[in-house]
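Where a number appears in this text, it was derived from the coordinates with a stated rule and is not lab data. Treat the numbers as computed from the prediction; the structure is a model and nothing was measured. Ideal geometry is used to build each Cβ from the backbone, glycine not excepted, and the neighbour counts take in all protein chains shown.
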Ligand code: SF4
């Protein structure tokens, strides 16, 4: 059942138009996670000509309880996707480009070469732009992770999504330790790479578990953390267990900063790609 939103989760529509962003995405036949995941920030982001590109098709080989990306059997890869993404990013005028993907567990390398190709196309077409990738876990195929690292994105993001105990319910095909190891491996492959991870509150986690997750992320030297409220994207997806107050978010933000993250972006509307450019800048100031 859809729950009524508390007052702090109600927001007015932005003043700017979203038409330009929609037009460019349509013209290049691109999908965004903003639409697929029914992100609550999409009017704001689209009106600022920002979007997060979804690579590797529109269908996911997993079916996480929190995510509205349709599960199923994906179509063959489009090897030209990197070029279209880079063109669209250029036309949108992005100076910080975020790309993510569905899980492609049907492919041996999980589609890592498309991530790598997209990074180099964006570098070619918009040399000054910062590039952030938000990748799946590639089923622990570290060669696939290395493919992406070698393409040299500015930020390598992999979301933990929730605390360890809730993995079987929230991310049934993922493994908590494997996701942490991915972040550790990225640093081991390239110690200068900025790493980032994010998770949701409101899915049944305890304060102690949140603290442990933050500690685990620091343990693998994760630089940036994002924390937001889970919102049910479709009625058939997992229920919201609680609406976490803005004050509680503030506490989590303080705790994260005290633990030594270079940047902690924490709040009810925060998503890993929300204001990603500003977050990256702050982490380097
Ligand atoms: S927060 Fe991220 S996913 Fe949501 S609309 Fe903005 S760019 Fe898209």
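The set of residues in the stretch 36-85 being within 16 Å of the ligand (Cβ to nearest atom) and in a helix (DSSP H, G or I) consists of 36, 42, 43, 44, 45, 46, 47, 85.
Every listed requirement among (1) closer than 21 Å to residue 271 by Cα; (2) crowded, with 20+ Cβ neighbours inside 10 Å is met by residue 117 save one, (1).
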